[in-house]
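Trainee: Provided herewith is a single structure, encoded as structure tokens, for subsequent inquiry.
Read-outs throughout are calculated quantities, based only on the coordinates presented, and are distinct from any laboratory measurement. Keep in mind that this is a model prediction, so the values were computed, not measured. FYI the Cβ positions are ideal-geometry reconstructions off the backbone, even for glycines, and counts take in every protein chain you see.
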Amino acid sequence: MPEDGALAIKPANMTYDEAAAVPNGGLTGLPFLRDQGDIRSGQQILVNGASGAVGSSAVQIAKAYGAVVTGVCSTANLELVRSLGADRVIDYTEEDFTASGETYDIVFDAVGKSSYARCRGSLKEGGVYLTTVPTPEGCLSRLRPRLAGRKRVGFAATGLRSARKKAKDLVVLAEMAEAGKLRAVIDRCYPLAETAEAHRYVEKGHKKGNVVITVAHDSDT
């Protein structure tokens, strides 16, 4: 990467493996919640897919902003999401959060498994539905906002942002990590020679947090 690329100093309290895991979900969760969701302290936030790379970061980022966080995940990941600071966790195999009657200021679908139509009833007036997977329905709601009323849809092409913006956000994430407000969630680490196997594992769709490729290096150089 060039010297002026999306780079930041590694948090002092993280290993190289942990630091490598932070940008994957953090550079998505932060701009979605901060820029698209305009997250504020005291708001009610629901994160769907709270145990994945983006979701596990989003839960922690939302807590760092002072939000009250509900995480949605599978049975096996309930304790993980609680450990990340979620105030409440919902097991999607037992409960459909869209049918509970609970409403939120932000519903962030970090895995693209729901839709604005399904989640609209779970939004407070003035609330926003955020999704990492754009849909025709969501695009229509943004183009014709009167169809959605005071509720809206937010999407950010986070991967297409400039290196300068990403670098600034990496500094924010590093500061959160050094303050103990953000930790890396790593499911497995694979050596560089097993990268193909790492991809096969990820493609199964059941990982917790991140999968990291480790590269051997000489600590003296």
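Trainee: Using per-residue counts of other Cβ atoms within 10 Å, averaged over each peptide, order 110-122, 61-73, 84-96 from highest down.
Mentor: Result, highest mean first: 61-73, 110-122, 84-96.
Trainee: Separate question: Any idea what the relative contact order of segment 46-106 is, in percent, if you count C-alpha pairs under 8 Å spaced at least 6 apart?
Mentor: Averaging sequence separation for qualifying contacts and normalising by length gives 31 percent for segment 46-106.
Trainee: Something else now. Where a ≥ b ≥ c are the square roots of the eigenvalues of the C-alpha gyration tensor, would you call segment 52-106 rounded, which needs a/c under 1.5, or, failing that, prolate if a/b is larger than b/c, or oblate?
Mentor: It is oblate, given that a/c is not under 1.5 and a/b is not larger than b/c.
Trainee: Still on this model: Could you work out [θ]222 nm for the chain from helices alone, using -39500 (n - 2.57) per DSSP H run of at least four and dividing by all its residues? Round to the nearest 500 deg cm²/dmol.
Mentor: -9500 deg cm²/dmol
Trainee: Rounded, prolate or oblate: which one fits segment 82-133, using the alpha carbon gyration tensor with axes a ≥ b ≥ c (rounded when a/c is under 1.5, else prolate when a/b beats b/c, else oblate)?
Mentor: Judged from the Cα gyration tensor, segment 82-133 comes out rounded (a/c under 1.5).
Trainee: How big is the shadow of the Cα convex hull of segment 1-86, averaged over all directions, in nm²?
Mentor: Taking a quarter of the hull surface, the average projection is 6.5 nm².
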